[in-house]
1. Kindly provide the set of residues from the stretch 160-171 that are assigned to a strand (DSSP E or B) and open to solvent by 30 Å² or more (accessible area, probe 1.4 Å), ordered by number.
2. Do any strands (runs of 3 or more DSSP E) entirely within the stretch 447-490 hold 1 or more residues that are more than 18 Å from His414 (Cβ to Cβ), acidic (Asp, Glu) and under 20 Å from the mean Cα position of the chain (by Cα), and if so, which?
3. Mind listing whichever residues of the stretch 116-137 are part of a loop (DSSP other than H, G, I, E, B), of a type outside the set (Gly, Ala, Ser) and open to solvent by less than 30 Å² (accessible area, probe 1.4 Å)?
4. Right, Asp375: of a type outside the set (A, V, I, L, M, F, W, C), surrounded by fewer than 19 Cβ atoms within 10 Å (Cβ to Cβ) and at pLDDT 95 or above or not?
5. If we keep just the residues of the stretch 255-281 that are of a type in the set (A, V, I, L, M) and more than 30 Å from Ser422 (Cα to Cα), which is nearest to the chain's Cα centre (by Cα)?
6. Using beta carbons and a limit of 9 Å, which pairs, at least six apart or on different chains, have the first residue in the stretch 106-126 and free of Cβ contacts under 8 Å to residues at least 12 places away in the same chain and the second one of a type in the set (A, V, I, L, M, F, W, C)?
7. Which members of the stretch 431-456 meet the condition of being among the small types (Gly, Ala, Ser) and crowded, with 21+ Cβ neighbours inside 10 Å?
8. Could you look through the stretch 198-243, keep only residues that are in contact with a helix residue (DSSP H, G or I) (Cβ under 8 Å, 6 or more places away or on another chain) and either assigned to a strand (DSSP E or B) or hydroxyl-bearing (Ser, Thr, Tyr) (or both), and pick out the one that is most open to solvent (accessible area, probe 1.4 Å)?
Amino acid sequence: MANLRVSLLLAFLSCGVISPSAPTDDWNQPFRPQYHFSPQSQWTNDPNGLVYFEGEYHLFFQYNPFGDEWGHMSWGHAVSNDLLHWHELPVALPEEHGVMIFTGSTVVDENNSSGFCTQGKACLVAIYTGHTPETKSQAALQTQNLAYSNDRGRTWRKYGGNPVLDLHMSDFRDPKVFWSTERKHWVMVASLPNEHKVKIYGSPDLKKWTALSEFGPAGATGGQWECPELFRLPVEGKAGEARWVMKVGVNPGARLGGSGEQYFVGRFDGKRFVNDNQATQTMWTDYGKDCYCALTFNGLPREHKPVMIGWMDNWQYAAKLPTSPWRGQMTIPRELSLRETPEGIRLVQQPIEELRALADGKTGELKTHSFRFADALPLDKGDEVGWRILMGDGKYTAIGYSIRRKVLFVDRTHSGLVGFSSDFSARLEAPLVLSGKELELKVLVDRCSIEVFADSGRVTSTNLVFPPADAMSIKAFGGAPEIRAEQIRSIH
C-alpha cells in the first residue's frame with residue numbers, strides 16, 4: 001500500500017498541474033485570519049515571486065499540496081486586484097522528478113530578453129531554486145532555474161535548459177531578480193547560507209549569469225542566511241534622495257530566537273552593494289517573532305509605493321501551530337520607505353492604504369477578533385503604559401511601552417494557547433528611544449495575529465497569538481487612553 005501511495009503521488013507531481021486541496025466555503029475555522037492571506041488548506045511558508053502584471057498582483061508561496069507540514073515544496077499561487085482579496089489558483093510550479101521548488105522571484109520580461117515571450121507581448125519569467133534532497137549516494141543539490149508563462153501566469157513551462165546557475169553546492173538558494181536601469185541588465189541576489197554571504201550576478205537574458213560581486217558576512221551571523229532582497233527606496237522628506245536596502249533572513253539566530261530578518265542600508269551601482277554602516281551593526285526589519293522571508297513586488301507602477309509581504313511565522317514552532325485545515329499565513333502587505341533618524345537612515349513600514357476599504361467604520365463593542373486601532377500612549381507618567389487586548393477567560397495580550405527602559409513590548413505569555421511549543425510564550429521587546437511626549441501606534445489584529453506599527457512605522461512587531469473564542473475585551477493600563485477599535489470586514 002505504501003508503494004502504491006508513492007506511485008500515485010509521483011504520478012500527480014509529474015502531470016505538471018496540481019489543484020489546491022479540496023476547496024472549502026468555510027473560512028470561519030478557529031484562528032482563521034479574515035483579512036490576511038492563508039491558503040484554503042495545507043502548509044505554506046515563504047512568499048515567492050511577488051509581481052504585478054497587467055492589472056493583477058501575483059502572490060506565489062511555498063506550498064505543500066499534500067499535507068499541513070513542510071514537504072513536497074511547490075509554488076502555490078493566488079492573484080488579487082487590490083492586495084487584499086486573493087483568489088487562490090492551481091499550483092503554479094509543482095515538485096517534479098524529485099526536485100522541490102524552493103523560494104525565488106518573478107519578473108516581467110518586457111522586451112523578451114529571454115526569448116520565452118510570444119506574439120510580441122511581455123511574459124512572466126520565474127527564477128527559483130531547485131532543491132534535490134540528499135540521498136545515501138549523493139549530497140543535496142540546490143540550483144537556480146527558470147519557468148515562464150505566456151497566459152498571465154495561469155500555466156507555466158519549465159525551461160528545458162535548466163539549471164541556469166549551478167555552483168554544485170547543497171546550500172545556494174532563494175534568488176531575487178530585478179532589472180538594473182543603471183547597467184541595463186538583470187540582477188540576481190542569491191544566498192550562500194553557511195558562508196553568510198549574498199552573491200550578486202548579472203545577465204542579459206536571464207539564462208546566462210555572470211558573477212559580479214558578493215556581500216557579507218555582516219550584521220547577524222548566528223544562523224544560515226536566506227531569502228535575500230535588494231531594492232531601492234526613497235528617503236522621506238528628501239526629494240530625489242534614495243538608498244538601497246539589502247535584506248537577509250537569519251535562521252536560527254534571530255534577535256528573539258529562531259528565524260528573523262536583518263537589513264542593511266547602502267548604495268548599489270548595478271554591480272556592487274556598499275553598506276553605509278559598520279559591518280558589525282545589526283538592524284532588524286521586525287522586532288516580533290513572526291515575520292520571515294519578506295519579499296517586495298516586482299513590476300509595480302512607477303507611482304506605486306514599494307510593497308512587501310512576509311511569512312507570518314517562526315521556524316521554531318511553525319509545524320506545531322494549532323490551526324486546521326491550513327498551517328501558515330502572510331503578513332498584511334506593507335508600504336516601504338526610508339527615514340532619517342538620530343541613529344541614521346532606517347526602514348519604515350506601514351499597512352497598505354487599501355486596508356481602509358475593509359474597515360467598517362464601526363467602533364462599538366467588538367464582535368470579532370479582526371479589528372484595528374490607532375492611538376497614542378502618553379509618556380509623562382508611570383512606567384509601563386498600554387493596553388491588554390483579546391481579553392477573556394483570564395487571558396490577554398499586552399501591548400505597551402516601558403518609559404523607564406525605553407522599549408516597545410508585546411507580551412503574549414497570557415495570550416491563550418501557548419503550550420504547543422516552549423519557544424512560543426514570551427514578552428517580545430523592541431528598543432525604541434523617543435524624543436516626544438507620546439508614542440503613536442497602529443495595531444492590526446486578525447484572529448491569530450497582532451501587527452504593531454510604532455512611531456509612524458519606524459519599529460514593527462509581528463506576533464501570532466491564539467486567544468479564547470470569546471476574548472473580545474480591551475482594557476487600558478498605566479494611564480493609556482481607552483480605545484475604540486474599528487472592526488475589519490472579512491475578505492472571504
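1. Within the stretch 160-171, the first condition is being assigned to a strand (DSSP E or B), and the residues that meet it are 165-169.
Residues satisfying the conditions are Asp166, Leu167, His168, Met169.
2. Working: elements: 449-454, 459-464, 473-477.
Per the criteria, 449-454.
3. Residues of the stretch 116-137 that are part of a loop (DSSP other than H, G, I, E, B), as a first pass: 116-122, 133-137.
The next check asks that each one be of a type outside the set (Gly, Ala, Ser); those that pass are 116-119, 121, 133-136.
Of everything in the stretch 116-137, those that are part of a loop (DSSP other than H, G, I, E, B), of a type outside the set (Gly, Ala, Ser) and open to solvent by less than 30 Å² (accessible area, probe 1.4 Å) turn out to be Phe116, Cys117.
4. Values: of a type outside the set (A, V, I, L, M, F, W, C): yes; surrounded by fewer than 19 Cβ atoms within 10 Å (Cβ to Cβ): yes; at pLDDT 95 or above: yes.
Against the criterion (of a type outside the set (A, V, I, L, M, F, W, C), surrounded by fewer than 19 Cβ atoms within 10 Å (Cβ to Cβ) and at pLDDT 95 or above), Asp375 qualifies.
5. The extreme case among them is Val265.
6. Qualifying pairs under 9 Å: Asn111/Cys117; Asn111/Ala122; Asn112/Ala122; Asn112/Cys123.
7. First, the residues of the stretch 431-456 that are among the small types (Gly, Ala, Ser): 435-436, 449, 454, 456.
Hits for the stretch 431-456 are Ser449, Ala454.
8. Residues of the stretch 198-243 in contact with a helix residue (DSSP H, G or I) (Cβ under 8 Å, 6 or more places away or on another chain): 216-217, 224-226.
Next, from what is left, pick out any that are either assigned to a strand (DSSP E or B) or hydroxyl-bearing (Ser, Thr, Tyr) (or both): 224-226.
On the way: Gln224: 51, Trp225: 0, Glu226: 27 Å².
This residue is Gln224.
The values are calculated or read from the model by the stated rules, or taken from the named source; none is laboratory data. Keep in mind that what you see is a predicted model, and the values were worked out from it rather than measured. FYI the Cβ positions are ideal-geometry reconstructions off the backbone, even for glycines, and counts take in every protein chain you see. The area values use the complete protein model at the heavy-atom level, side chains included, leaving out ligands, DNA and RNA. Shrake-Rupley method; radii C 1.70, N 1.55, O 1.52, S 1.80 Å.
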